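Report on the following structure.
The values are calculated or read from the model by the stated rules, or taken from the named source; none is laboratory data. Computed from a predicted structure; not experimentally measured. Quick reminder, even Gly has a Cβ in these numbers, built from the backbone with ideal geometry, and neighbours come from all protein chains shown. To get the accessible areas, we keep the full protein, side chains included, count just its heavy atoms, and leave off ligands, DNA and RNA. Shrake-Rupley method; radii C 1.70, N 1.55, O 1.52, S 1.80 Å.
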Amino acid sequence: MVSDSRTIATDARVLGPEGLDSLVAALWDAGFRVVGPTVRDGAIVLDEIASADDLPRGVTAVQEPAEYRLESREDEAVFGWAVGPHSWKGQLMPSRVRLWRASPPGNGTPPSFEEEPPPAKPLAVLGARPCDLHAIAIQDRVFLGGAYVERDYAQRRDGAFLVAVNCGVPGGTCFCTSMGTGPRADAGFDLGLTEVLDGEHRFVVEAGSERGGEILSALPTRPATGDDLEAALAVTDAAARRMGRELDTSDLPGLLTANRDNPRFREVAERCLTCGNCTLACPTCFCTSVEDVNDLADGSAERWRVWDTCFSIDYSYIHGGSVRRSPMSRYRQWLTHKFGTWVDQFGTSGCVGCGRCITWCPVGIDVTEELAAIRATDLEVDRAHAR
Ligand code: SF4
Ligand code: SF4
């Protein structure tokens, strides 16, 4: 039922643009809280959507290092842009979440301890890009795949319905083809849409799961013809040729291990503000901290989990001080973890090539440029000579 980079399910269906409203309604009717892209404050962000009217229409997003702006398109494309500042991390692992609340005993009442309950409705993700699906799979591995399960993540992830939208318009900072994560989704979705604009504006829809097939069967669709399938494949073929950036991924863990002392890290640290924007925008970064809050009036206490960043000097504070005191050591920690030691830890790269860290870095630091510069000045002579 799922497709790889040059195949598509032959039992795909075709949904007209007006049918998107039926999809949103069918998901709400099935008991989901539907979250999708919407235009707000000059950006395409993720929020609860009540109907297809909330989706972007006729806009695209121009993305370059430290640059993002919306522009009008000459058509009515709904997904004529790549990724926005928000990733699905914000839904599955919110930036600030209460873990528990405790109250002291009162007049005849015993002390109480309540863990935060699960969300009232499971999440329906509308419009996850292929790189986003890979990012969710990475976070699943981190939070659910080890000895200790992250309870809040598990509750939000449980039963989540994923509607993927294959990419037709990569951003200027995208490099999913280099990372093997796009622009066509190959697995991990309930429904996979490809928006076709040539000729009739339509969506070619593939079911990736049984429940995806059930939702699809309730929508006003027609069977996809061979021309529809070819048109859908042509959309992602064209996107793959228009990637904004590329990255040589060969032996990145080895390259980074051998180049801890590469002078490039000092150069980039002179620009890096250690603001942490890159980690907050990144769909796979998962560092958090906890805050305990006490109410002096009633004696209650709460524990909150909040996003944190390895760019903060406090993040590596261990008895007596921080072990990464310089901006260089913190940038190097982030880059080598994301592209190197993550592989040892979790079996995949920590990067899915979405480009968010490049777009949202206020000084335009570009991971593809930094890694290429390190490769060009590789300190390990044998590997450098082998090229
Ligand atoms: S490191 Fe950058 S390009 Fe890679 S997944 Fe994170 S934000 Fe996207
Ligand atoms: S690389 Fe850019 S976004 Fe990341 S901490 Fe440095 S200045 Fe901030």
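Okay, here's what the table says:
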quantity	calculated
Size of charge dipole - the range 63-154 - debye, nearest 20, with Cβ of Lys, Arg +1 and Asp, Glu -1, no other charges	420
Computed log₁₀ I(q)/I(0) - Debye formula, equal Cα scatterers, no solvent, the chain, q 0.08, 0.09 Å⁻¹	-0.46, -0.58
Histogram of C-alpha separations across the range 217-306, 10 Å bin width, %	10, 16, 22, 19, 18, 13, 2
Two-site FRET efficiency, S300 against A154, from Cβ-Cβ distance with R₀ of 22 Å, rounded to 0.05	0.30
Candidates I358, I374, I318, ranked by Gaussian network fluctuation over the chain, Cα under 10 Å, top entry	I318
Solvent-accessible area, 1.4 Å probe, carbon plus sulfur percent, for the range 63-125	49
By average C-beta atoms within 10 angstrom, highest first, the peptides 150-161, 296-307, 13-24	13-24, 150-161, 296-307
Sparse-neighbourhood loop sites, GluC sites (Glu not before Pro) in the range 61-119 - DSSP loop, at most 15 other Cβ within 10 angstrom	E74, E76
Residue-normalised accessible area of the chain, given per residue in Å² at a 1.4 Å probe	45
For the range 1-131: Kirkwood Rh in Å [reciprocal of mean 1/r, alpha carbons]	18.0
Value of [θ]222 nm, deg cm²/dmol, for the chain, DSSP H segments ≥ 4, -39500 (n - 2.57) each, nearest 500	-8500 deg cm²/dmol
In nm, spacing of pseudo-spin labels at S209 and E291 (7 Å Cα→C-beta vector)	3.3
Spatial extent of the range 88-166: Rg and Dmax, with the Cα atoms as the point set, Å	16.3, 59
